[in-house]
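Encoded as C-alpha cells, the structure appears first; notes follow it.
The values are calculated or read from the model by the stated rules, or taken from the named source; none is laboratory data. Remember, it's a predicted structure, so these values are computed and weren't measured experimentally. Cβ placement follows ideal geometry from the backbone for every residue including glycine, while neighbour counts extend to all protein chains displayed.
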C-alpha cells in the first residue's frame, strides 16, 4: 500500500526504482573485470610492443649552399658537432632520398628534449632545366611540423620516452587507420585530413640521416589549446568545453580502437586547426594487451611501467607506480582520467604560476574533487573564483574523477552523460 492506504501504482514503482538507481554506485562498464578485480590484477600483462620504426633516408643542404649532409659527415666528429650546433638557427633543406620532395625548415618554434621543433614548407623538385647542376625547388603551399632530434642525445638519454618510440607508435596507429579504410573500401586521405577526421595526429614522414631523426607531422595553424587559454587569460564556458570534448573523445575512440593507451593526455598535447582539436605527443603510448578466450578478445590490465606524463594530469594508478609494489592499470581508465583533467582545466582556466594564492585554490579544489568530495568545494569555486557549474557538469566531473578506476566513467558513459 502507498500513502493514505492507496494501492501502489506502477508510476510509483518506477519512481522508486529511479531513486534507488541514483543511490547505487555507478560503475565503469568498460573495465576489464570478468574474473573479479583481484584475479584480473593477477593476470596483468606487459604492453604490446610496436614494430621497429621504418625510417626513410634524407640529406641536409644549407639554403644557397650545395654542400649536403653527406659532405659534412666526412668531417671529424668535433667539426660535425659544431656544424649541428650552428645549424639550429639556420634555415636549411631536408631532401628525401628517392623522392622529388624536400622540407624547407624555416622557423625554429621551440626546444624539445632532444632537439628542436621546426615549422617547414614542403617543396617539390622543379622540372625546369638549368645550365648548371643547381636544383630548383617549388613551394607547394603545404606546411608541416618537423621535430628534429639529435641521435647523440637520444643515445645518451636514460629516459624511456624517446623519439624513435614515438615514431613506432605513430606508424602503428597509421597502419591501423589504413586497415580501417581498406575494410570500408575508402582511400586513405592525406595526413592532415586524416588527423582532422580521427582527431589524432597522423604521421607524415619519419626520416633520418647520420645526425638527426626527423618526425614529420601536419602543421596545425591554430596552435595549442593551452596557448589559447593563456593568451586570452580566460576559461571556457560549458558550451565551449562540450564542443572541445566532442573532438577529444573522438580522438580517444581512435586510440582505443587501435589498442593504444596514450598515458600523457593533457591540455598541452591538444592542437587546433580549422576548428578541429587533435591529440599529439605519442612518445609515451603503450600497446594494450588482449587475450582470446572462448573466441572473444578480452582486454587485460597493463603491468605497471613506472611514473609517466605530467604530474598534475597523472592518474592515481600511474602515481602509485613511483614506489613498489607497482600497480597494474587499465589503459582505457588511465586515459579517461586525463580527459577529466583536461575538462577541469578548460572550465577553471589557466592559472598563473606567479599567482600563488589562486593556484593554491585551484589545486586544493581539484584534490577534493578527485577524492569524491566535489559538493564540498562548490561554494569555494563559486565564491573564490566565481565559477558556477551546472548540476549535470558536477555529476560528470565527480564520476570521471573516482580514484577507483572501476567507478570511473568509460568513454561511452561520458558521451551519453
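Some points to look at:
- Residues of the range 84-109 that are under 17 Å from residue 138 (Cα atoms) and at pLDDT below 90: 91, 92.
- Matching residues in the range 222-253 - criterion: being closer than 21 Å to residue 191 by Cα and at pLDDT below 95: 222, 223, 224, 225
- Of all the criteria given as (1) closer than 21 Å to residue 345 by Cα; (2) in a strand (DSSP E or B), the one not satisfied by residue 297 is (1).
- Search result, residues across the range 210-231 that are under 13 Å from residue 348 (Cα atoms) and exposed (fewer than 15 other Cβ atoms within 10 Å of the Cβ): 230
- Single residue of 167, 216, 139 found to be without any contact (Cβ under 8 Å) to a residue 40 or more places away in the chain and either closer than 17 Å to residue 114 by Cα or in a strand (DSSP E or B) (or both): 139
- Contacts under 7 angstrom Cβ, first residue in the range 175-188 being in contact (Cβ under 8 Å) with a residue 60 or more places away in the chain, partner assigned to a helix (DSSP H, G or I), 6 or more apart: 177/194; 177/198
- Here residue 55 meets each of (1) modelled with pLDDT of 50 or more; (2) over 22 Å from residue 152 (Cβ atoms) with one exception, condition (2).
- Residue match in the range 245-256 (condition: under 22 Å from residue 338 (Cβ atoms), loosely packed, with under 14 Cβ neighbours inside 10 Å, in contact (Cβ under 8 Å) with a residue 60 or more places away in the chain and under 18 Å from the mean Cα position of the chain (by Cα)): no
- Selection count, the range 364-417, where residues are surrounded by 12 or more Cβ atoms within 10 Å (Cβ to Cβ) and modelled with pLDDT under 80: 14
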